[in-house]
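Let me begin by presenting the structure, written as structure tokens, before commenting on it.
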């Protein structure tokens, strides 16, 4: 082979001028993607995260549509079918008062998920408003808000929740208020940090040079750019609140009968653990699956938003 | 440093003062007469005597000053209005050590297992055991401690009869609560330790240490561990306070006469004075542990102090 190569003659006519094709160099092989389409493309590649998303949608769909298919009422007691194991008619069995556990788990799940979402929304709204205000205004406003956030952050969370629910009555409203009151601090710090960072960037300066007012800068420029991190925090917070409510209800300080939630259902199942473990099993597995799904989605989302983190 | 400590302690005391004040007025303003249930059946004369005994005949503001005076001068947390003669101080003295014992064992196990595990998985990242531990970890984080408690009670205690289902008094009673409480914590420490180790593992100074021929053990001990432990220190502080605060689920499930289970009982009994006393005790512990962590943090990571003085 080596000898063959030395014999080769390199002649001019073997080369050909290619030149520049102006049109071809401008040609895009793939359509240009928006930020979120790009995130979705990366997210889709992560099989585990996709599985989490499917699980999440499935759980939410079951919880809201399930009772339509089971055709039972969550409060209806039938003393002839107490403590049944799961079967064709009662998919998750029945509890000690002869109520259909599947329907109860669906109904409780609605409350649990509702609390998770509501708390997250309240936390997110208060936190980002405070954070944005502190970050943009700076000066004494910043100082005041951050001192206040520090104070709230130093409060023992569970104790505050217990005291508030005790004094306001144990309604969903009280639980949501108590849990979100102590939790906005994290969002506030994060949004403020982001805004301090972004504020210095050229496009914000350009926007304000073009005469955009503060509201427009926040809504059109800052918020969309902090959206990514906020989304990750949102998916991670929802299961946290579902957990929090479950703990409260489990020790009997949360949702009260006839209302119910996964925590309250688990609490009721606890007493029957030895002989009818299925009563405890189903609400527990729902809490675990839901948290698991949100965790997977959150992890996948944070990877998709910032591919650098992967390495 | 001294200035930093004084400032931090001052803020801590301020926080504590605000918590006590807020709790006092929240509970005083709670709907319903705290003592009504107890004295309803008594003749008016007796009612008056009892109201006087608890100082309920005076206006709220005056009661507040009396309470604060007693608290500061004699350390008196108040007396139960449900169980006559039982003071919050007695309850704390009798029940807090039990919570503390379990809590300390749990914390030592969580940190002692979670941190080496996190370090190990970070060093062996991408290997089989890393993936396996990570999956297990996510599952453990997604499972509330009461689910572990139920699983352990059902399988270890009820089916295999390895430990008592619940109860208190003998060493064997520690097994299940400690296990149930420890597992989730191990996963959390593991997760954060892994993350924090990964973030330092590619720093220039690690590469330098490798380049100059440092032995692997020395790199891990002197260079990686020292830096990756910093964020973990902040977690341990609130965890120390949490020993009392968040153990009440476990204490309730296993019928352990700790402070947590007593607190929950006081809340469901509407024993206002007792709730107030124990809340203040919790708040003190919490604030104190946060102060200690902040000071420790300053010692462990000198950069924090520099950043603090620059402000």
Rule-of-thumb check for segment A:169-257: C-alpha Rg over 2.2 N^0.38 Å? 1.51
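In percent, how large is the relative contact order of chain B, given Cα pairs closer than 8 Å and 6 or more residues apart? Before the final figure, lay out each step's value.
Numbers: 314 pairs, mean separation 79.4, N = 311.
The normalised contact order for chain B reaches 26 percent.
More than 21 angstrom separation, counting every C-alpha pair in segment A:1-139; what % is that? Could you put the intermediate results ahead of the total?
Numbers: 7027 of 9591 pairs.
Cα-Cα pairs of segment A:1-139 separated by over 21 Å account for 73 percent.
Which whole-number percent is the relative contact order of segment B:180-240 (Cα, under 8 Å, 6+ apart)?
Details: 25 pairs, mean separation 25.5, N = 61.
Here the relative contact order equals 42 percent.
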With T = 10 °C, eta = 1.306 mPa s and Kirkwood Rh from C-alpha pairs, the Stokes-Einstein D of segment B:37-112 in µm²/s is about 104 µm²/s
Inter-probe distance in nm under a simple model that places probes 7 Å from Cα toward Cβ, at residue B:13 and residue A:289: 5.5 nm
Just rank B:67, B:282, fewest to most, by other beta-carbon atoms within 10 angstrom. B:67, B:282
Label-point separation (nm) for residue A:206 and residue B:72, each offset 7 Å from Cα along Cα-to-Cβ? 5.9 nm
Centroid-to-centroid separation of segment B:130-184 and segment A:19-77 [C-alpha atoms, Å]: 36 Å
Relative to the compact globular guide of 2.2 N^0.38 Å, what is the alpha carbon radius of gyration of chain A, as a ratio? 1.43
Nearest 10 degrees, 0 to 90: helix B:272-300 Cα axis against chain B principal axis: 30 degrees
Between the modelled labels at residue B:57 and residue B:131 (7 Å from Cα along Cα→Cβ) the distance in nm is 7.7 nm
Any idea what diffusion coefficient segment B:95-310 gets from Stokes-Einstein, in µm²/s, Kirkwood Rh on alpha carbon pairs, 37 °C, 0.692 mPa s? 170 µm²/s
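Tell me the volume per residue, in Å³, of the convex hull enclosing the alpha carbons of the protein assembly as shown.
278 Å³
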Assertion target for A:280, B:119, A:144, A:210, ordered by fewest C-beta neighbours within 10 angstrom first, is A:210, A:144, B:119, A:280
So how many Å³ per residue does the convex hull of the Cα atoms of segment A:86-171 work out to? 132 Å³
What number, in percent, do you get for the relative contact order of chain A if the mean sequence gap of Cα pairs under 8 Å and at least 6 apart is divided by its residue count? 24 percent
Any chance you could give the angle, 0 to 90 degrees and rounded to 10, that helix B:88-123 forms with the longest Cα principal axis of chain B? 20 degrees
If you project the alpha carbons of segment B:208-275 onto the principal axes, what extent comes out on each, in Å, largest first? 66, 23, 11
With -39,500 (n - 2.57) per DSSP H segment of 4 or more residues and division by the full residue count of the protein assembly as shown, the 222 nm estimate, nearest 500 deg cm²/dmol, is -23000 deg cm²/dmol
Could you tell me how many degrees, from 0 to 90 and to the nearest 10, lie between the Cα long axis of helix A:184-199 and the main elongation axis, the longest principal axis, of the Cα atoms of chain A? 10 degrees
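Any read-out appearing in this document is the output of simple, stated calculations on the displayed coordinates, not a laboratory observation. Keep in mind it's a predicted model, so treat the numbers as computed, not measured. Counting neighbours? That spans all protein chains shown, and the Cβs are built from the backbone with ideal geometry, glycine included.
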